Amino acid sequence: MRQLRSWLPTRLTAIKVAVFVAIASIVLGGTAFAAATLYAQYGAVKNVPNAEAWAALEPRYVGQAACGSCHEPEVAAQDASAHIDVSCESCHGPGAGHSLSDEAAREVSLTEPESEICSTCHATTAGRPATYPQVEVDEHYEGGECLRCHDPHSIVAVRPPDITHPRAKLPDCITCHAPDGLKEIPSGHEPVADRVCLSCHGRVAEPVR
Amino acid sequence: MSERTPLDQRAPGPMESPEPASPALGSEIGLEAGERPPGFLDGRVSRRTVLQAGVVAVPCLAGAGLVFTALDRFVNGDPAGAEPVAARYDASGHRWGFVVDTDSCVGCGMCVVACKAENGVPEDPEYSRTWVERHITTADGTVRVDSPEGGIDGFEPGDPPTMVDGSPVVDARFVPRLCMQCENSPCTAVCPVGATYRTPDGVILIDEERCIGCGYCVVACPYGARYIVPAAEDTPRGVPGVADKCTFCYHRITAGLPPACVEACPVGARRYGDLDDPTSPVSVVMAEQPTTVLKEELGTKPRVHYVGLEAEVVS
């Protein structure tokens, strides 16, 4: 006891410091631990806190294969054409819900008005690759009704205006359809050389009148 | 093996003095001249000294241990709480990459349409996860960039210009843009709350519950790929006011589907796949054609590569 009494005053400062350091260590360490434990409910900094939630979103674009399971002829025709790389949903919009019984959800519309959707890709535009098929729409065909001639699913011009008169044993088309002829070629028509008319207009069965 | 010499019998080294440096120094701490402080380096460490040291050291060590445990949990998370990205999907098995072919892009904007529809991105072109720029380069080296409405409606038809401001046009092409999913990403580095992070398969995502909408990441991104979702608009996950950007359509790629923009591109100008798989569309293109990345000098290591693009400064 005597020893302690004589020892205590000389060591009092050191003991105070030591006790302070010990208590501070426990308090700070405990606070940090508690804070990290509370924060951990939001996930760790390095982990993937909500990747699971991102991965759980529902796709809206269903893909060509899903479309083809019902619309087989269109997909088959397209796969045989230069539009093979064009997804159905590029023009028709996302297909999720289209197969549902709910009428509102079933609706699929073009992403652009019909008169504009072809020129979105095929109008001559600065910046497009030179080899890419582009037309000056107004010069190509006045009115821009692409679908009068072109079937977008096969791209070939398989739907020309019907020829409403017999064609057999007649002279070249241009004989009557030249300027000032019996019926002029529409002014917006693509410039054509003689004898190529039937490459488009001959694809349909000749109607008989 | 030399025999161990007790400390106080050793010959004094050059830095050691057998006596205290000066009597005055010893007297300041209550010692007679020549007397050593007890308990230190003299082979007479008392039990009390050991106990005293222990009384201080144990709580200190315990405190330090708690701090390190807390730090580890803060950074690496509770190991028991780590969750897989999805039951159907192993994130560690992929290294997703993207190739944009500017030689093929026709600037139709269908990718932008598809992205907005798929991900619920606001209509306003100010908010875009992907957009299409047109770069017109003239002989004097100037690159003029335009991107009307982010390219969502395509570009105004017209013949390619041959001259701009008296300088002949040497190149005109469309450059689709999206998040580069940088391997060395400034956005994740600056986020003060750890809300934006990189998945093991290489996609940078945002935790909308952590994001405080401060916009640091929006400013830090050298590619302008981020925006803050405006009020009254919903992100796909339903929280306005937080940062948003391209996720490579994480919900699609983890389900084996291509991103919506890749699905919608009519000319195959956007390719996507696993950089570790030599048969993936991106690997095939990158093996066949030279590719560049945007702003390579920044060292961000983008996962999006470009075909047909000269190394140029892209704003």
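Quick note: the coordinates plus some simple rules give every number you see, no bench work behind them. Since this is a predicted model, take the numbers as computed values, not measurements. Backbone-built Cβ (ideal geometry, glycine too); neighbour counts: all protein chains shown.
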Of every Cα-Cα pair in segment B:74-220, the percent that sits beyond 23 Å: 53
Calculated SAXS-style log₁₀ I(q)/I(0) at q = 0.22 Å⁻¹ - segment B:177-304, Debye, Cα scatterers: -1.42
Would you please put B:104-116, B:48-60, B:249-261, A:51-63 in order of how densely packed they are, using the mean number of other Cβ atoms within 10 angstrom per residue and starting with the highest? B:104-116, B:249-261, A:51-63, B:48-60
In whole Å, largest first, the alpha carbons of segment B:152-249 cover along the principal axes 51, 32, 24
Could you compute the net charge surrounding A:A126? Neighbours are other residues with a C-beta less than 14 Å from the C-beta of A:A126; K and R count +1, D and E count -1. -2
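Once you have a ≥ b ≥ c as the square roots of the Cα gyration tensor eigenvalues for segment B:86-125, tell me rounded if a/c is under 1.5, and otherwise prolate or oblate according to whether a/b is larger than b/c.
Details: a/c = 3.81, a/b = 1.43, b/c = 2.67.
Judged from the Cα gyration tensor, segment B:86-125 comes out oblate (a/c at least 1.5, b/c at or above a/b).
Arrange the peptides B:277-287, A:167-177 so that the one whose residues have, on average, the most other Cβ atoms within 10 Å appears first.
Values: B:277-287: 15.7, A:167-177: 11.7.
Descending packing order for the listed peptides: B:277-287, A:167-177.
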